[in-house]
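The values are calculated or read from the model by the stated rules, or taken from the named source; none is laboratory data. This one's a predicted model, so the numbers in the text were calculated from it and none came from an experiment. Methodologically, a virtual Cβ is constructed for each residue, glycine included, from the backbone with ideal geometry; neighbour enumeration extends over all protein chains shown.
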Amino acid sequence: MFMQNTPITTVRTSRPLTEIEFCAWVAQAVPGDRLEYHRGFLVLDTFPAISHLPDAQRVELARLGSRAFWAAENGLVHLVQEREGPDRFAYIAIARPKPKAATASLSALLLDAQAA
């Protein structure tokens, strides 16, 4: 078994991440790269009756969460959560190896997903 001795680092942004920024990260990330795409409680933070976020920010967060789930379903990332405390989590995407036999680019996959 091979053990890697390099430390695992997670990219954290100082402001809320957008869906487009997440997609750009997925496109350029190498396997093992980690990105914290949200900190809080994603389901509650995107729910209109409960969220304390302004509407525009809440809607963008919902898009981001959906895109992260889409990227996981398409084998581009693993999604994990790190518990920080009661009702508070760090939501992290970990880049997976890009499929070698993939004939479509990430841009083509995104366009297909939007058309559906």
note = Output for Cβ contacts, cut-off 7 Å, separation at least six or different chains, first residue farther than 16 Å from D33 by Cα in the stretch 79-95, second outside any strand (DSSP E or B), reads D87/F41; R88/F41; F89/F41
request  = Of all residues in the stretch 41-87, count the ones that are among the small types (G, A, S), closer than 22 Å to S14 by Cβ and in contact with a helix residue (DSSP H, G or I) (Cβ under 9 Å, 6 or more places away or on another chain).
outcome  = 4
Within the stretch 43-54, tally of residues that are surrounded by fewer than 17 Cβ atoms within 10 Å (Cβ to Cβ) and small (G, A, S) = 1
query = Give me the pairs: first residue in the stretch 28-45 and within 17 Å of H78 (Cβ to Cβ), second residue modelled with pLDDT under 95 and of a type in the set (D, E), beta-carbon distance under 6 Å, and six or more apart or on different chains, which are they?
reply = none
inquiry  = Could you list, ordered by first residue, the pairs with Cβ atoms under 8 Å in which the first is in the stretch 55-71 and surrounded by 18 or more Cβ atoms within 10 Å (Cβ to Cβ) and the second is of a type in the set (D, E), at least 6 apart or interchain?
reply    = E60/E19; L61/D45; L64/E19; R67/E19
